[in-house]
Amino acid sequence: MKKLIFAIIVVAAAGVAYLKWPEIREKVSPSYQAIARTRVENVLRGMQGSSDSKLGTPDQFALSQWAQGKIMVDRDNMEFYSNQWDQFRIKHGLYRKINKYEILEVREVESADRKTAIAQIRIDGQRCKWRVVKDVPIAWVE
């Protein structure tokens with residue numbers, strides 16, 4: 001009887017795992033599309049000033065996510081990327097705190113070099129696109 005109950009539990013667990021596999025796989029090994037969406041969300045939260053204070057100041061967190069997709073880049077890289085970050089925001093009038101944003105779509109695109117995604121977003125009513133390349137600063141898509 002104990003063996004039968006054990007077998008039923010094992011079969012049930014296997015069935016649940018099989019049905020939940022896409023969700024489990026996405027959490028364990030997320031697609032680049034999901035990684036890019038999170039990175040864009042983090043940059044926008046930092047620009048809004050609403051990122052988690054445990055991750056550093058919102059400006060530093062946004063810069064780190066924008067530059068390399070990291071929680072915090074080291075001081076030398078922070079200095080290296082600082083001017084580029086300012087220019088990135090100035091280019092579309094975002095050298096300020098943003099109020100509202102919406103991520104409309106993030107899709108992975110083919111690239112010979114690195115994983116790449118295009119994010120369509122709306123910032124304070126203005127639609128724009130960002131190219132999100134793994135470990136490279138986010139760029140505007142004109």
Filtering region 83-108 for residues that are in contact with a strand residue (DSSP E or B) (Cβ under 6 Å, 6 or more places away or on another chain), hydrophobic (A, V, I, L, M, F, W, C) and exposed (fewer than 13 other Cβ atoms within 10 Å of the Cβ) leaves a count of 1
Tell me yes or no: at least one residue of region 106-116 is touching a Ser or Thr at 6+ places or on another chain (Cβ under 8 Å), part of a loop (DSSP other than H, G, I, E, B) and basic (Lys, Arg).
no
Which one of these does residue 29 not meet: (1) over 13 Å from the mean Cα position of the chain (by Cα); (2) more than 30 Å from residue 13 (Cα to Cα)?
(2)
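For (1) assigned to a helix (DSSP H, G or I); (2) at pLDDT below 75; (3) among the charged types (D, E, K, R); (4) surrounded by 13 or more Cβ atoms within 10 Å (Cβ to Cβ), each residue gets a yes or a no:
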residue: 5; (1), (2), (3), (4): yes, no, no, no
residue: 16; (1), (2), (3), (4): yes, yes, no, no
residue: 22; (1), (2), (3), (4): yes, yes, no, no
residue: 27; (1), (2), (3), (4): yes, yes, yes, no
residue: 33; (1), (2), (3), (4): yes, no, no, yes
residue: 39; (1), (2), (3), (4): yes, no, yes, yes
residue: 44; (1), (2), (3), (4): yes, no, no, yes
residue: 51; (1), (2), (3), (4): no, no, no, yes
residue: 62; (1), (2), (3), (4): yes, no, no, yes
In region 121-140, anything within 17 Å of residue 77 (Cβ to Cβ), in contact with a helix residue (DSSP H, G or I) (Cβ under 6 Å, 6 or more places away or on another chain) and modelled with pLDDT of 95 or more is listed as 137, 138
So residue 74 clears everything in (1) in contact with a helix residue (DSSP H, G or I) (Cβ under 7 Å, 6 or more places away or on another chain); (2) under 25 Å from residue 32 (Cα atoms) except one condition, right? Which one?
(1)
Would you check if there is a residue in region 64-79 being under 14 Å from the mean Cα position of the chain (by Cα), outside any helix (DSSP H, G or I), among the charged types (D, E, K, R) and assigned by TED's automatic domain parsing to the domain that holds residue 126?
yes
Which numbered condition residue 97 fails, given (1) of a type in the set (D, E, K, R); (2) under 15 Å from residue 36 (Cβ atoms); (3) in contact (Cβ under 8 Å) with a residue 24 or more places away in the chain; (4) part of a loop (DSSP other than H, G, I, E, B)
(2)
Got at least one residue in region 105-113 being farther than 16 Å from residue 131 by Cα and at pLDDT below 90?
no
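The values are calculated or read from the model by the stated rules, or taken from the named source; none is laboratory data. If you're wondering where the values come from, they're calculated on a predicted model, not measured in any experiment. No Cβ is skipped: glycine too gets one built from the backbone with ideal geometry, and neighbour counts run over all protein chains shown.
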